[in-house]
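Just so it is clear, none of the values below were taken in a lab; they were calculated from the coordinates. Small disclaimer: the values here were computed from a predicted structure and weren't measured. Cβ sites come from the backbone with ideal geometry, for glycine too, and all protein chains shown count toward neighbours.
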Amino acid sequence: MKKLCLFYSLLCLIFVSCQKDDQKASLPDETQTLQLEAFQPVPTVPETEAIPEYGYILRVNAGLYEFEPDTDAQTDVTKWIDSIPLGERVEVLAPARRATFHGDKSVNDFVKVRRDTGKDVKEGYVFALQLAIGSSLAVVTNEKANIFRAPNTLDVTSNILAYKTVLGYYPDTEKDKFVEFKAYDPVRRGYYSNYIQTSSLSTKESDIQASILLQTAQALDAKEAIRREFLLNAALSDYPDSFFATEIRELLYPGSTTSPAAVTAANVPSPSIQTMTSSEQFLYINDNNVNVRETPTGSVLNQLSRGDEVTISEETVTSYTINNQTSKWYHITEPLEGWVFGAFLQKDFPSNGQ
């Protein structure tokens, strides 16, 4: 009996010991658990595809360049590879970098872009000043478009953006009828940025495209008369309702009021023309059969001859280019009243050689 009790006690001890071992084995290893959690795979978030950034070219025949050599240093020198038209939209590929312009060895900021002509795709660099990134296009339709330092009338500067300048403006910055812009002024041949009044601009596609064709045509020299005439005809036929139709018609048919273009644009209103008191008082006509017009873009009233003296009262604020001659229009009061293009006027009596 004593042996039996001893055996039973031994069995109970073994049973209890096994239970403790099982409990110990079932307890979690805290260190191991933390390590496992640390190495759990993180759910992958799909990368959003970057939205391409675009900009507009602000100058007629802007250059597209590559660098020789291309070491990402400002001593890298540009090499011309192509021209880009005014108003073309290009994709921006990289932020601006400094490099040396081959023309005058000056150091400038250049932006890498891609242009798709529909025929081929080219990549290269353009002057940062000639590119309005993230903008929309507009054109100046005011004869006196003042530039402002801030969107406030009191912050007006002494600079005026030339009539028909195509510019990049930023709609998100519009405030109190002012908006930020970036532009190349083709008359003053300078780059400008700051604020301009929205009342000085047109965002109509027909006005923008007509001005682009007009400026491109006027930039051509006499050797390219065929191209010039084609571009002007395209501007008038494709955009007959544009703000610049009257000026384009005058370039194609100087002095004519019965041309096919005049009939096409007969119902197009003439742009408002701002004038100021002229600093000139008496001038002479320097050619024969010079037209005197009702307005600078109006019908012909009469003609004057070489050597006729005229009395001046007003002149236009803006200069115009007609047949590769750039001048203002002058309002004369004697010997008759009307407007004469300044290229046909001079201060001294014309000699035989003039």
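Can you list residues from other chains, or at least 5 along the same chain, whose modelled amide H is less than 5 Å from the amide H of Gly190?
Asp185
Set the Förster distance to 30 Å, then compute FRET efficiency between Ser279 and Glu88 from the Cβ-Cβ distance, nearest 0.05.
The formula returns an efficiency of 0.15 here.
Could you give the length gained by full extension between Arg188 and Gln303, i.e. 0.36 nm per residue of separation minus their alpha carbon distance, to one decimal place?
Working it through step by step, the gained length comes to 38.2 nm.
Only counting other Cβ atoms within 10 Å, I'd like Asp287, Asp185 sorted with the fewest neighbours first.
So the residues, fewest neighbours to most, are Asp287, Asp185.
Place a +1 charge on the Cβ of each Lys and Arg in the range 42-165 and a -1 charge on the Cβ of each Asp and Glu, then give the dipole magnitude about the Cα centre in debye, rounded to the nearest 20.
In debye, rounded to 20, the range 42-165 gives about 520.
Tell me, Arg98, Arg228 in order of fewest to most beta-carbon neighbours within 10 Å?
The fewest-first ordering by Cβ neighbours comes to Arg98, Arg228.
List the pairs from Lys79/Lys105; Lys105/Lys182; Lys164/Lys204; Lys79/Lys182; Lys144/Lys182 whose alpha-carbon separation is above 21 Å, in the order I gave them.
Over 21 Å apart, Cα to Cα: Lys105/Lys182; Lys79/Lys182.
Quick one: order Ser202, Ser237 by neighbouring beta-carbon count within 10 Å, fewest to most.
Ordered from fewest to most neighbouring Cβ atoms within 10 Å, Ser202, Ser237 come out as Ser237, Ser202.
Are there chymotrypsin sites (Phe, Trp or Tyr not before Pro) in the range 82-167 that DSSP puts in a loop and that have at most 15 other Cβ atoms within 10 Å, and which ones?
Passing sites in the range 82-167 are Phe101.
Apply the Karplus curve 6.51 cos²θ - 1.76 cosθ + 1.60, θ = phi - 60°, to the phi angles in the range 71-85 and return the couplings in whole Hz, x for Gly and Pro.
Values per residue, Gly and Pro as x: 10, 6, 10, 6, 7, 4, 10, 6, 9, 5, 10, 6, 10, 10, x Hz.
By how many nm would the segment from Thr117 to Ala73 lengthen if fully extended, with 0.36 nm per residue of separation less the alpha-carbon distance?
Difference between extended and current length: 12.9 nm.
Within the range 276-354, which GluC sites (Glu not before Pro) sit in a loop by DSSP and count at most 13 neighbouring Cβ atoms inside 10 Å?
Those satisfying the criteria are Glu294.
If I take every Cα pair under 8 Å that is 6 or more residues apart in the range 136-202, average their sequence separation and divide by the length, what percent do I get for the relative contact order?
Relative contact order comes out at 37 percent.
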